[in-house]
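Remarks on the structure that follows.
The values are calculated or read from the model by the stated rules, or taken from the named source; none is laboratory data. Please read these numbers as outputs of a predicted model, since none were measured by experiment. With ideal geometry, Cβ positions are generated from the backbone for all residues, glycine too; neighbour counts draw on all protein chains shown.
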RNA sequence: GUGGGCGUAGCUCAGCUGGUAGAGCACUCGGUUGUGGUCCGAGAUGUCGCGGGUUCGAGCCCCGUCGUUCACCCCA
């Protein structure tokens, strides 16, 4: 009797071999620039106290109000699977007193995040991101470097068909003044109820609407950029100046909208042109009030999150994925059961000598084992039996051309390093 | 949460106007004694997503459901 199969939960994205090799590669390309810029790893829990996101991300955001996986644990605590990375990093920085040391605190992280949305191309309920945060210094040069690090990650992937959009959301006072005028403007529009309701939660959302009639209606809307204080404008122009010096091209998007409430000042987004509706491959910005909201010192911060899933889709779309070799140096075939122990010993010795080695397991015929060796892509194959055990040397067959060389089992480097 | 497309072997798919399933690839074994890739031969595999309905009869029609996919919303 066959039992029913169990499927993965809806919308999760998982990576199995051989695809996982590409995933691993993409993740490393995206994060390596941060590592070489002095950012250090932070491993964080995937679930947190629900209050962290309510307070950090903002109750009115879609993410918090309708996309979180929230449940009660056995102790009656409200727990939420992290929908984004920054709030958790801030919590850990405060809790671990990292903000008492030298500033800025510079950390990176990678892992899965969870949002209960309807799955779509490039949008999953469990998705993967890498990100960095730099906390405690408000310097436009830092903003520029953070952006440059993200940009370098995408360049590492060989991507070309993407653009960097950047804007400044200014400080709280500027946003409040702009909001009043924007609400007034929107009030004069003839909108359907759903859209009106959305605009009351966050009027900026209408700038992001994809429907032509809304885009049209928003043409004359007041722009936040025109409300910025001198300080914010000066800060922003320095950031763009540094980007110019770094030869990083960008477009200033005065209508950019971000879904998380904590962003202030410099805000940016990387958008890829081949990905359909879910085109954002990364985004981030400054969040100058967040630490304080979470009970820490009033320190500024800036960071980004890059979507690994989408970056991988982009690399596939642009055909920039390198072939990911996965093969051992040596494939060892024991002749019969009585040679298995010897094969395991030999494999261990080969690994100790610095080479990767696999053993043929099971009851296959020699021919079958050779086929297995071939498919594994191993560079060399060694068949071992009585003769080898007695002599202490093996024939290493080079699979690329079929030639073989005899070598002592303790001196594999004489052949394998060629 | 709303709307459209799709759901046939491990994969990609075929299956004509309804008559209870096929191809290619992949996989396993073999082509005799301790050596792969090509070639040849043989073989295994499907409750046609699931449930109900129409019919003498359904993979093909209808309804529901689940899954998947694309878009809206939102966003990585």
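Among the candidates A:395, A:390, single out the residue that is more than 16 Å from residue A:331 (Cβ to Cβ) and modelled with pLDDT of 90 or more. Explain how you work it out, then say what you get.
On the way: A:395 fails: more than 16 Å from residue A:331 (Cβ to Cβ).
When all the criteria are applied, what remains is A:390.
Evaluating residue A:32 against the criteria (1) in contact with a helix residue (DSSP H, G or I) (Cβ under 8 Å, 6 or more places away or on another chain); (2) closer than 24 Å to residue A:313 by Cα; (3) buried (at least 17 other Cβ atoms within 10 Å of the Cβ) leaves one unmet condition, (3). The condition of being out of contact with any strand residue (DSSP E or B) (no Cβ under 9 Å at 6 or more places or on another chain), touching a residue at least 12 places away in the same chain (Cβ under 8 Å) and either away from RNA strand B (no atom under 12 Å from the Cβ) or at negative phi (or both) holds for only one of A:273, A:327, that being A:327. Against the criterion of being more than 16 Å from RNA strand B (Cβ to nearest atom) and either crowded, with 17+ Cβ neighbours inside 10 Å or under 19 Å from residue A:286 (Cβ atoms) (or both), residue A:231 qualifies.
Of all the numbered requirements in (1) surrounded by fewer than 16 Cβ atoms within 10 Å (Cβ to Cβ); (2) part of a loop (DSSP other than H, G, I, E, B), residue A:405 misses one, and that requirement is (2).
Does the stretch A:141-154 contain any residue that is more than 30 Å from residue A:312 (Cβ to Cβ) and modelled with pLDDT of 95 or more? Reasoning before the result, please.
From the stretch A:141-154, those more than 30 Å from residue A:312 (Cβ to Cβ) are A:141; that's our starting set.
Keeping just the survivors that are modelled with pLDDT of 95 or more gives A:141.
Yes, because at least one residue in the stretch A:141-154 is more than 30 Å from residue A:312 (Cβ to Cβ) and modelled with pLDDT of 95 or more.
All told, residue A:261 falls short of being part of a helix (DSSP H, G or I) and under 19 Å from residue A:178 (Cβ atoms). Consider the stretch A:1-23 and keep the residues that are touching a residue at least 60 places away in the same chain (Cβ under 8 Å) and assigned to a helix (DSSP H, G or I). The one that is nearest to RNA strand B (Cβ to nearest atom) is A:23.
How many residues does the stretch A:192-227 hold that are in a loop (DSSP other than H, G, I, E, B) and either surrounded by fewer than 12 Cβ atoms within 10 Å (Cβ to Cβ) or assigned by TED's automatic domain parsing to the domain that holds residue A:279 (or both)? Let's see the steps before the verdict.
To start, the set of residues in the stretch A:192-227 that are in a loop (DSSP other than H, G, I, E, B) comprises A:192, A:202, A:209-211, A:218-223.
Imposing the further condition that a residue be either surrounded by fewer than 12 Cβ atoms within 10 Å (Cβ to Cβ) or assigned by TED's automatic domain parsing to the domain that holds residue A:279 (or both) reduces the set to A:192, A:210-211, A:219-220.
Number of matching residues: 5.
Results for (1) within 16 Å of RNA strand B (Cβ to nearest atom); (2) farther than 21 Å from residue A:61 by Cβ; (3) not assigned by TED's automatic domain parsing to the domain that holds residue A:147, shown as yes or no for each residue.
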site: A:87; (1), (2), (3): yes, no, no
site: A:91; (1), (2), (3): no, no, no
site: A:106; (1), (2), (3): no, yes, no
site: A:112; (1), (2), (3): yes, no, no
site: A:116; (1), (2), (3): yes, no, no
site: A:119; (1), (2), (3): yes, no, no
site: A:123; (1), (2), (3): yes, no, no
site: A:126; (1), (2), (3): yes, no, no
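Filter the stretch A:271-309 for residues that are more than 20 Å from residue A:238 (Cα to Cα) and buried (at least 24 other Cβ atoms within 10 Å of the Cβ) and give the result.
Initial filter on the stretch A:271-309 (more than 20 Å from residue A:238 (Cα to Cα)): A:271-282, A:289-299, A:305-309.
The answer is A:272, A:281, A:282, A:290, A:306, A:307, A:308.
What is the residue count in the stretch A:287-303 for residues that are assigned to a helix (DSSP H, G or I) and touching a residue at least 12 places away in the same chain (Cβ under 8 Å)? Adding up the residues that qualify gives 3.
What residue, of A:382, A:348, A:373, is over 30 Å from residue A:273 (Cα atoms), within 15 Å of RNA strand B (Cβ to nearest atom) and under 36 Å from the mean Cα position of the chain (by Cα)? Don't jump to the end; show me each part of the working.
Working: A:382 fails: under 36 Å from the mean Cα position of the chain (by Cα); A:348 fails: within 15 Å of RNA strand B (Cβ to nearest atom).
That would be A:373, the only listed residue that is over 30 Å from residue A:273 (Cα atoms), within 15 Å of RNA strand B (Cβ to nearest atom) and under 36 Å from the mean Cα position of the chain (by Cα).
Only one entry in A:282, A:265 is within 17 Å of the chain's Cα centre (by Cα), modelled with pLDDT of 90 or more and within 22 Å of residue A:207 (Cβ to Cβ), namely A:282.
Filtering the stretch A:351-370 to residues that are over 30 Å from residue A:156 (Cα atoms), in a loop (DSSP other than H, G, I, E, B) and away from RNA strand B (no atom under 15 Å from the Cβ) leaves only A:353.
Among A:412, A:313, A:366, which is the only one that is surrounded by 16 or more Cβ atoms within 10 Å (Cβ to Cβ), outside the structural domain of residue A:83 (by TED's automatic domain parsing) and modelled with pLDDT under 95? Spell out the reasoning first.
On the way: A:313 fails: outside the structural domain of residue A:83 (by TED's automatic domain parsing); A:366 fails: surrounded by 16 or more Cβ atoms within 10 Å (Cβ to Cβ).
The match here is A:412.
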